[in-house]
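Take a look at the structure set out below.
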Amino acid sequence: MSKVNMLEEMSIDELRGFIPLVGGELTVVVQSEPGCGKSSLLSMIAADNGDKWRSPKDGYNIEGDKYDYVYVDCPVKDMSDIGMTIPNHVTKQLEYYVAELFNTKSNKPKCILLDELMKSPKLMQIIYTRLMLERMLGDKPLPDGAELKSIVFATSNNASDGVGDSMLAHAGNRVCIVPMSKPTVNEWLTWAGQTITIGDKIQARVSRVIRAAVSMFPKCLSSYKHSDQKDNPYIFKPSMTSLSFVSPRSLAKADVIVRNKDKISENALKVGLAGTVGAAFAADMAAFISLESTLIQVDDIIKNPEHITMPRDISAQLMIMFQAVDTLKTQDELSKFMTFVERIPSEEIQGVFFTMAMRTPSMLRLARNNEKISKWAENNHDMF
């Protein structure tokens, strides 16, 4: 595969460490293709500080928070959303009042994300540029703490993406423009397989049918910048006319539809998925959804791992691997399931289970001390 020089890009994990280190003095502008997760950097940085990003209605000044976290959706903001100049009839002078969004009543350092900066009107970019370069809101400087400085960073799409991003010429050489790499399939699967709590249920971030489909069709997360991806039917391309395509963002959005598949018609499922991830990947996902109801269950496998009928279809085998990662709870269950895994003809499918087990925290706790996993890894070390 023809690749972009990865030395010219940072991963999202590198950026969540890089921005807090330099962002107090240098504005980092993160660029990537649409839907790669740039906007999540604010909540990631907050989490790394033990804080939580909150909207203004939730209030600021939460005890223990290191920063006030401020999200600015640049394309939809006008001058009054940032601040206004109002006459002071007592002093007979104009005074600039900063919008509540920035919580200037607090002296806590700010961590400000200017999201989709380059899609904002030129006049607004002038206002944002002063914030980025001088750390000023009107005539008011951003507060710094004893040890922490206020951070300002921004995101945009690439100019080559053709979605309306351009920066003021004089600003480009005054900031640090960092291309962000698209997550690899393994990186995305690791994130998608992490457990979250919704209501009283603990579940993976993204349904296993979507994770299995991504694993089966890894080119769905390729980049149009790779010269051999011109005919890739899944991905964003600047020349495309469809508004729906596969991206880390659209895959996460599609999970809402998949989780409610039993409550909607088959047609609504297919049309809804096509409108989220594009027609090509929607068709592939629909096939996995149909397959899910016919699968043997992991509970049945661990009762009879040596003799239970092995599905011939590779897609079915993949689905079972993801089902196992989501459901295995004990060393004994893992050992018995590994007996089944070792019967699978494809070493690649076996490798999918091993990789996911190593990347999923709940499974990793089991796998680290499992004799059968260790023996499999020793016998197949050349795969990795």
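Just so it is clear, none of the values below were taken in a lab; they were calculated from the coordinates. As the structure is a computational prediction, the values presented were derived from the model and not from experiment. Every residue, glycine as well, gets a Cβ built from its backbone with ideal geometry; the counts of neighbours run over all protein chains shown.
Whole Å is fine, so just give me how far the alpha carbon centre of region 322-353 lies from that of region 84-121. One Cα centre to the other: 56 Å. Over 5 Å intervals from 0, what percent of Cα-Cα pairs in region 274-384 sits in each interval? The distribution over region 274-384 is 2, 11, 22, 22, 19, 11, 7, 4, 1, 0, given as percents. Only one residue of Asn173, Gly50, Ile82 has its Cα farthest out toward the positive end of the dipole of the chain, where Lys and Arg carry +1 and Asp and Glu -1 on Cβ, and that residue is Ile82. Residue by residue, region 120-130 carries 3J(HN,Hα) couplings of 7, x, 4, 4, 5, 4, 4, 5, 5, 4, 5 Hz when phi is fed to the Karplus relation 6.51 cos²θ - 1.76 cosθ + 1.60 (θ = phi - 60°); x denotes Gly or Pro.
Restricting region 246-333 to trypsin sites (Lys or Arg not before Pro) that sit in a DSSP loop and have at most 16 other Cβ atoms within 10 Å of their own Cβ leaves Arg312, Lys329. Relative to the Cα centre, the charge distribution of region 6-179, modelled as +1 at Lys and Arg Cβ and -1 at Asp and Glu Cβ, gives a dipole magnitude of about 560 debye.
The alpha-carbon of Lys108 sits under 17 angstrom from the alpha-carbons of these lysines, leaving out residues fewer than 8 places away in its chain: Lys52, Lys66, Lys140, Lys149.
Amide H contacts for Val178 (H built 1.01 Å from N in the peptide plane; partners 5 or more residues away or on another chain; cut-off under 5 Å): Val29, Val30, Gln31. When Leu94, Leu142 are arranged by Cβ crowding within 10 Å, least crowded first, meaning fewest neighbours, the order is Leu94, Leu142.
Residues whose amide H comes within less than 5 Å of that of Asp68, counting only those at least five positions distant or on another chain, are Lys110, Cys111 (H built at 1.01 Å from N in the peptide plane).
Given R0 = 56 Å, the distance between the Cβ atoms of Asp73 and Asn304 translates into a calculated FRET efficiency of 0.55. The phi-based Karplus calculation (6.51 cos²θ - 1.76 cosθ + 1.60; θ = phi - 60°) puts the 3J(HN,Hα) values of region 255-262 at 4, 4, 5, 5, 5, 10, 4, 6 Hz, whole numbers, x for Gly and Pro.
The slack between Ser346 and Lys149, meaning 0.36 nm per residue of separation minus the straight C-alpha distance, is 65.6 nm. Taking the number of Cβ atoms within 10 Å of each Cβ as an exposure proxy, the fewest-first ranking of Glu95, Glu8 is Glu8, Glu95. In a reduced charge model with +1 at each Lys and Arg Cβ and -1 at each Asp and Glu Cβ, the chain shows a dipole moment near 480 debye about its Cα centre.
If R0 is taken as 51 Å, the Cβ-Cβ distance between Asp13 and Asp332 corresponds to a FRET efficiency of 0.90. DSSP beta bridges confined to the chain are antiparallel in about 40 percent of cases. With n ≥ 4 as the cut-off for DSSP H runs, can you work out [θ] at 222 nm for the chain, using -39500 (n - 2.57) per run divided by the number of residues, rounded to the nearest 500? The per-residue figure over the chain is -11500 deg cm²/dmol.
Computed from Cα positions, the angle between helix 347-359 and the longest principal axis of the chain comes to roughly 50 degrees.
Length gained on full extension, Leu123 to Ala159, computed as 0.36 nm times the residue gap minus the Cα-Cα distance: 11.1 nm. Length gained on full extension, Ala47 to Met136: 29.5 nm, using 0.36 nm per residue less the C-alpha separation. Candidates Ile12, Pro121, Pro143 compared by Cα position along the dipole of the chain: farthest toward the positive end lies Pro121, with charges placed on Cβ.
Note on region 185-383: lysine pairs with Cα distance below 23 Å, sequence gap of 8 or more or different chains, count 23.
The shape of region 6-179 comes out oblate: with a ≥ b ≥ c from the C-alpha gyration tensor, a/c is at least 1.5 while a/b does not beat b/c.
Applying both filters, DSSP loop and at most 12 other Cβ atoms within 10 Å, to the trypsin sites (Lys or Arg not before Pro) of region 128-233 gives Lys230.
Backbone geometry of region 207-221 corresponds, through the Karplus equation with coefficients 6.51, -1.76 and 1.60 at θ = phi - 60°, to 3J(HN,Hα) couplings of 4, 5, 5, 6, 4, 5, 5, 5, 5, 6, 10, x, 5, 5, 10 Hz, x marking Gly and Pro. Here region 185-383 is treated with +1 on each Lys and Arg Cβ and -1 on each Asp and Glu Cβ, and its dipole about the Cα centre works out to around 660 debye.
Against the chain, whose longest principal axis comes from its Cα atoms, helix 266-277 is set at around 50 degrees. Normalised by the number of residues in the chain, the average gap of Cα pairs under 8 Å and 6 or more apart makes the relative contact order 15 percent. Considering only Ile320, Ser335, Met356, and ranking their Cα positions along the charge dipole of region 185-383 that arises from unit charges at the beta-carbon of Lys, Arg, Asp and Glu, the one farthest toward the positive end is Met356. Protection proxy ranking of 122-129, 353-360, by the mean of other Cβ atoms within 10 Å over each peptide's residues and highest first, is 353-360, 122-129.
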